[in-house]
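Structure first, then comments.
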Amino acid sequence: MLVWEQRKLKNLVDFYSGLTYHPENIREKGTFVIRSSNIKDGQLVTGDNIFVAPEIVNCTYVKKDDIIVVVRNGSRKLIGKHTKLNFNLNNAVIGAFMTGIRSNNNNFINAIFDSDNFKREIHKNLGATINQITTGELKRMNFYIPSLTSEQNYLGNLMKVLDKLITLQQRKLENYLLIKKKLSNIFFNDKIVNKNDLLFEHRVKANQLFISYSKKGLSHLPVLSASQNKGMVFRKDESKNILYTHDNLTNYKLVEPDDFVVHLRSFQGGFAYSDKTGIASPAYTIFKFKNNVAYNSVYWKEKFKSYNFIQLLKKITYGVRDGRSISFSDFLSLYLTFPDIKLQNKIGNVLSKLDTQISDQKEIIKKLENIKQFLLQNMFI
């Protein structure tokens with residue numbers, strides 16, 4: 001059974017202060033000075049703000065796995081791990097307005113700093129607005145922790161494993177997204193005109209493929225909204241609270257599965273695809289295939305969201321901003337290239353499977369993050 005006790009942070013770790021440095025004090029060539037501006041979103045990063053000092057004297061060197069804390073900064077994300085920095089750790093030193101922490105169990109200490117209790121301690125000491133936090137205030141903070149070092153190690157290692165799993169799944173997600181992006185750049189390129197290339201065998205104007213329609217007076221149907229990434233979604237599922245009267249719905253347009261929608265942000269994210277039946281704003285243009293047997297809707301859904309197609313749209317979006325739709329008649333004047341239906345089906349199938357993998361990875365990451373958040377909310381209370 002875990003036995004917890006209240007301990008001050010100063011009794012758990014060793015503190016060391018940062019260096020207030022000046023050019024005239026610099027002695028040792030090639031040493032990096034980490035400044036508070038190097039901590040972004042809770043992690044230390046390299047970049048233009050890293051100061052490469054020709055010489056440094058009276059400095060406090062940072063060792064691998066040390067924890068760096070911004071002690072006078074408006075940021076709420078105060079913690080960074082030195083392991084995120086990409087240079088020789090023997091030539092690093094913390095700069096002004098920072099303090100360092102050394103511990104025999106940094107995994108456990110990092111879990112404390114990630115916890116809700118740490119945030120509550122900050123606000124209890126400093127109020128709602130964090131203008132600065134001093135090393136002394138950090139030392140006085142109290143936490144309930146397991147009394148046994150072995151139990152602290154167990155909890156610290158558990159959080160480290162969770163962090164590694166989340167990072168691994170995020171990398172997998174990034175790889176799937178990169179694969180899809182590269183395939184989309186190959187499959188969808190309307191600048192190529194080559195009848196000998198099966199990907200671009202056909203080239204016609206959009207007006208030969210699509211037709212718009214507007215059917216109204218169906219206010220009993222659910223209201224749909226266009227989203228950047230999910231296509232057409234039920235408005236009730238959106239977090240935005242959009243006010244409208246039921247009487248206005250009689251003017252909304254019918255949207256059916258396999259329809260495409262030109263919406264008010266199409267100039268940024270392409271056309272929205274619908275796999276639902278509902279009604280949408282009269283500001284939208286609804287269009288469909290003239291012959292849906294000859295075309296694969298998944299292929300065209302992906303084409304209308306691809307980078308190359310959005311670049312093509314720029315030809316007809318001069319001056320278009322939020323609140324104003326792309327001219328559908330201008331879209332109909334564009335030349336589009338595409339393969340025959342058999343290849344469309346294969347491409348659509350490949351991209352659909354990638355979407356499934358991407359969705360699964362996002363769900364895995366969400367569940368792992370929920371587990372971590374639950375633990376952090378219920379630890380160190």
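The values are calculated or read from the model by the stated rules, or taken from the named source; none is laboratory data. On a predicted model such as this, the values are computed, not experimentally measured, just so you know. Every residue, glycine among them, receives a Cβ derived from its backbone with ideal geometry; neighbour counts consider all protein chains shown. The area values use the complete protein model at the heavy-atom level, side chains included, leaving out ligands, DNA and RNA. Shrake-Rupley method; radii C 1.70, N 1.55, O 1.52, S 1.80 Å.
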Next on the checklist: Sorting check: for 269-278, 344-353, 369-378, which peptide has the highest mean count of neighbouring beta carbons within 10 Å, and how do the rest follow?
Outcome noted: 269-278, 344-353, 369-378
Checklist entry - Roughly how much of L221 is accessible, in Å² to the nearest 10, using a 1.4 Å probe? => result 40 Å²
Item to check | Relative contact order of region 260-381, pairs being alpha-carbon contacts under 8 Å that are 6 or more residues apart, as % | outcome: 28 percent
Next on the checklist: Heavy atoms of the protein only, probe of 1.4 Å, neighbouring chains included. What is the accessible area of R171 in Å², nearest 10?
Outcome noted: 140 Å²
Checklist entry - Kirkwood hydrodynamic radius of region 261-348 from all distinct Cα pairs, in Å? => result 13.9 Å
Item to check | Under 18 Å from the K236 label point (7 Å along Cα→beta-carbon), backbone N, region 199-222 | outcome: 218-222
Checklist entry - Considering only protein heavy atoms, what is the solvent-accessible area of E302 at a probe of 1.4 Å, reported in Å² to the nearest 10? => result 10 Å²
Item to check | I67 long-range amide H proximity, modeled H, under 5 Å | outcome: I101
Checklist outcome for this item: The simple spin-label model distance between S329 and D14, using points 7 Å out along Cα→Cβ, in nm, is 7.8 nm
Checklist outcome for this item: Note on region 155-279: alpha-carbon gyration tensor, axes a ≥ b ≥ c; rule is a/c under 1.5 for rounded, else prolate if a/b larger than b/c, else oblate; result oblate
Next on the checklist: Assuming 0.36 nm per residue, please report the length gained on full extension of the stretch E151 to I371 beyond their Cα-Cα distance.
Outcome noted: 77.3 nm
Next on the checklist: Just to confirm a number: summing +1 for Lys and Arg and -1 for Asp and Glu over residues other than F108 whose beta-carbon lies under 12 angstrom from that of F108, what do you get?
Outcome noted: 0
Checklist outcome for this item: Excluding residues fewer than 8 positions from K205 in its own chain, the lysines with Cα under 21 Å of it are K191, K195, K288, K290, K301, K303, K305, K314, K315, K342
